[in-house]
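Trainee: The structure's right below; bear with me while I get my questions together.
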Amino acid sequence: MSSPAQPLTESLSQPLAQSLAQNLAQNLAQNLVQSVDWLAIAPPTIAAVVGLVVLVTDLFVKDARKSVLGWISVAGLAAAALMLLPLVNGDRSTFCLTGDADVCSYTADTFTLAIQLLVLGGALLTALLSVTAVKDADRGLPEGEFWFLLLSSAAGAALLPASRDLATLIVALEVASLPAFALVGLRQGDRRSSEAALKFFLSSVTATAVSLMGISFVYASTGTLYLTQVAERIQHVDGQLTTLAQTGVVLTLVGFAFKTAAVPFHFWVPDTYVGAPLPIAAYLSVIGKAVGFSGLILVTVIALPSYADVWGPALAALAALTMTVGNVGALRQQATRAYSAVRLLAWSSVGQAGYLLVPIAAAAYSDDPERSIGSTVAYALMYAAVNLGAFAVAALVGRTRSLNRVADYRGLYASHPLTALLLAFFLLCLAGLPPGIIGLFAKVTVFSAAVDAGLGWLAVVMAVNVVIALFYYLQWTALLFRAPEGEVVKHRVPLPLTAALTVTAVLAVALSGAPQLILRFAGTGLF
C-alpha cells in the first residue's frame with residue numbers, strides 16, 4: 001500500500017529528474033571549446049609542466065645532486081610569474097562555448113592577474129625558504145616529491161582565480177588543496193606532522209563535500225555551471241526548485257568558509273601550522289588564504305549577486321567573529337613563556353582572515369562591489385609580502401632553536417641586527433603602525449569599505465581588534481631589542497634564505513614608500 005506522501009514525492013522528483021537530464025544534454029552539446037589561448041593559460045600551465053619535469057628528473061638524479069630540483073622549481077615559478085607581464089594590457093578569455101563566445105571557463109582579467117601574482121610570487125618565496133629546509137637530512141623530506149607537490153599546488157592555486165565555471169573552480173580548489181595536505185604530512189617519523197596533516201585533510205574533505213553538494217544543487221536549479229549564466233538564471237528559478245537553489249547557495253558558501261579558515265571552521269589552523277614544515281606553514285598562511293578568498297569572491301560577487309541579502313550579513317558576521325577569535329587566540333598565547341612563534345603567527349593569520357572578509361561582506365551592500373573587492377585584493381597583497389617576511393625570519397631562528405618559541409627572539413638584534421629590524425618592520429606592518437605605512441593604508445582601505453557600505457558596527461569591531469592585535473605584535477617587537485639571555489651566537493645565513501628575506505624586505509619597504517602600487521586596486525574595476 002503506498003503512503004500518502006508518495007504521489008507528492010513522485011510529482012516533485014520527476015520534474016527535477018527531467019530538468020537535470022535536459023540540462024545535462026544541453027551542456028554536453030554546448031561544451032565544445034571554441035579555441036585555446038595558450039598565452040592566457042601560460043602561468044598555471046608552466047607551473048604544472050615544471051612540476052612534472054621535476055618529478056621525472058628526480059628518477060635520474062643522484063641523491064648528492066638532488067638540490068638541483070629545488071633550483072629548477074624556483075626557476076619554473078619565476079618563469080610562470082613573468083608570463084603575467086604579457087597579459088597586463090587586456091582581458092583574455094579561453095575555453096569558451098561555441099555558441100556564445102562571452103561565456104568562458106577561463107578569464108585572465110585584472111582580478112585574475114593580481115591573485116596569480118600573489119600566488120606565484122608567494123610560491124616562489126616559499127620555494128626559496130624550502131631549498132635549505134629540504135636539504136637538512138634530519139627533517140626527512142623527500143626532495144622530488146616535495147617539489148612536485150609544491151608546484152602542483154601552486155598550479156591549482158593559480159588556476160582558481162581565472163575559473164569562471166563551477167566545475168573548473170572545484171577542480172582548481174582540489175588541485176591546490178590535495179598536494180598541500182600531503183606537504184604538511186611529508187616529514188617522515190614526525191607525529192606532529194602526521195597529526196597536522198590529518199586535521200588539514202579532514203577539514204579539506206569536509207569543505208569539498210559541502211561545496212560539491214551546494215554546487216550540485218545550484219546546477220540542478222539553474223542548468224548551468226558558468227558563473228555569469230548562474231547569476232542570470234538563479235533569479236528566475238522554477239518555484240519547485242527555489243528551496244533547492246537556496247540550499248545550494250548556503251552550502252556553497254559554507255564550503256568556501258572552511259577554505260578561508262573563517263571561524264568556526266578555523267580549528268585546524270594552529271596545529272597544522274605548527275606541525276607542518278615551516279615553509280609550508282608560510283605557504284598555507286598566504287596561498288591557502290588566496291585560494292579560499294578568490295573562490296569566495298567569484299561565487300558571491302559574480303555568480304550570486306542576487307543573493308547578496310543572504311551572503312552579505314553572513315560574511316559580515318563571520319568577519320567579526322573571525323577577527324575577534326583570531327586576535328584573542330593570539331593574545332592568549334602570551335599566558336605561557338614557551339609559546340611558539342609559529343602558533344602565534346597562525347592565530348594572527350586567523351585574525352587577518354577576518355579583515356580580508358570585511359570588504360567581501362561590504363560588496364553586498366555597496367553600489368560599487370568591485371571597489372570593495374579591490375580592497376580585499378590590496379590587503380591580501382600587503383599581507384602576503386609582510387607575512388612571508390615574518391616566516392622567513394622564523395625560518396632563520398628555527399635553524400638554531402628547534403622549538404622556535406617567541407622567547408627565542410629575545411636579543412635577536414644583538415646577533416642579527418638587520419634581521420631583527422626587518423622582523424620589527426614586518427610586525428609593525430601587520431599591526432598597521434608607522435613606519436609600516438602599507439599596513440596602515442591597507443587597514444584604512446578595508447575600514448573605509450565597511451563604512452561606505454553602511455557597516456559601521458563592523459568597522460567598530462575591526463577597530464577594537466586592531467587595538468587588541470597591537471599588544472602581541474608590539475610585545476614581540478620589543479622582545480627583539482632586549483638584552484639577550486646567555487652568550488650571543490652569530491651564524492651564517494644560507495643564500496636562499498637571504499634571498500627570501502631580501503625580496504620580502506624590498507617589497508615591504510617599496511610598498512610603504514609607494515602604497516599606490518597596490519592600493520589602486522581598491523579604486524578600479526577588477527572584472
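Trainee: Does Leu474 satisfy the criteria of being open to solvent by less than 30 Å² (accessible area, probe 1.4 Å), assigned to a helix (DSSP H, G or I), within 20 Å of Val393 (Cα to Cα) and not small (Gly, Ala, Ser)?
Mentor: The answer is no for Leu474.
Trainee: Here's another thing I want to ask about it. Does Ala172 satisfy being open to solvent by less than 10 Å² (accessible area, probe 1.4 Å), in a helix (DSSP H, G or I) and either closer than 18 Å to Val310 by Cα or of a type in the set (A, V, I, L, M, F, W, C) (or both)?
Mentor: Yes.
Trainee: Right, another one. Any residue in the range 220-241 that is under 16 Å from Cys96 (Cα atoms) sitting within a Cβ distance under 6 Å of a residue that is of a type in the set (D, E, K, R)? List the pairs, counting only those 6 or more apart or interchain.
Mentor: Leu225/Asp165; Tyr226/Asp165; Leu227/Arg164
Trainee: Follow-up question, since we're still on this one. If you go through the range 453-485, how many residues are touching a residue at least 24 places away in the same chain (Cβ under 8 Å), of a type outside the set (A, V, I, L, M, F, W, C) and farther than 30 Å from Ala414 by Cβ?
Mentor: Matching residues across the range 453-485 total 2.
Trainee: Given the condition out of contact with any Lys or Arg (no Cβ under 8 Å at 6 or more places or on another chain), open to solvent by less than 20 Å² (accessible area, probe 1.4 Å) and under 26 Å from Ala385 (Cα atoms), answer yes or no: does some residue in the range 85-98 qualify?
Mentor: Yes: one or more hits.
Trainee: Can you go through Leu418, Leu428, Leu381, Leu422 and tell me which one is open to solvent by 10 Å² or more (accessible area, probe 1.4 Å), at pLDDT 90 or above, in a helix (DSSP H, G or I) and in contact with a Pro (Cβ under 7 Å, 6 or more places away or on another chain)?
Mentor: Step by step, each of Leu418, Leu428, Leu381, Leu422 is checked, and only Leu428 is open to solvent by 10 Å² or more (accessible area, probe 1.4 Å), at pLDDT 90 or above, in a helix (DSSP H, G or I) and in contact with a Pro (Cβ under 7 Å, 6 or more places away or on another chain).
Trainee: In this structure, is Ala282 outside any helix (DSSP H, G or I) and at pLDDT 85 or above?
Mentor: The answer is no for Ala282.
Trainee: Residue check: is Leu244 in contact with a strand residue (DSSP E or B) (Cβ under 9 Å, 6 or more places away or on another chain) and surrounded by fewer than 24 Cβ atoms within 10 Å (Cβ to Cβ)?
Mentor: When the stated conditions are applied, Leu244 does not pass them.
Trainee: One residue is enough: does the range 295-313 have a residue meeting the conditions modelled with pLDDT of 90 or more, buried (at least 24 other Cβ atoms within 10 Å of the Cβ) and within 30 Å of Val406 (Cβ to Cβ)?
Mentor: Checked the range 295-313: no residue is modelled with pLDDT of 90 or more, buried (at least 24 other Cβ atoms within 10 Å of the Cβ) and within 30 Å of Val406 (Cβ to Cβ).
Trainee: If you go through the range 202-211 one residue at a time, do you hit one that is out of contact with any Leu (no Cβ under 8 Å at 6 or more places or on another chain), closer than 30 Å to His266 by Cα, in contact (Cβ under 8 Å) with a residue 60 or more places away in the chain and in a helix (DSSP H, G or I)?
Mentor: Yes, the range 202-211 contains a residue that is out of contact with any Leu (no Cβ under 8 Å at 6 or more places or on another chain), closer than 30 Å to His266 by Cα, in contact (Cβ under 8 Å) with a residue 60 or more places away in the chain and in a helix (DSSP H, G or I).
Trainee: Which of the residues that make up the range 349-374 are of a type outside the set (A, V, I, L, M, F, W, C), touching a Leu at 6+ places or on another chain (Cβ under 7 Å) and part of a helix (DSSP H, G or I)?
Mentor: Within the range 349-374, Glu370, Gly374 qualify.
Trainee: Can you say whether Ser285 is among the hydroxyl-bearing types (Ser, Thr, Tyr), buried (at least 24 other Cβ atoms within 10 Å of the Cβ) and on the phi < 0 side of the Ramachandran plot, as far as the supplied structure shows?
Mentor: Yes: the conditions hold for Ser285.
Trainee: Tally up the residues in the range 222-278 that are assigned to a helix (DSSP H, G or I) and acidic (Asp, Glu), please.
Mentor: 2
The values are calculated or read from the model by the stated rules, or taken from the named source; none is laboratory data. This is a predicted model, so every value here is computed, not measured. Cβ atoms come from the backbone with ideal geometry, glycine included; neighbour counts cover every protein chain shown. The protein model used for the area step is the full one, side chains on, heavy atoms only, and it has no ligands, DNA or RNA in it. Shrake-Rupley method; radii C 1.70, N 1.55, O 1.52, S 1.80 Å.
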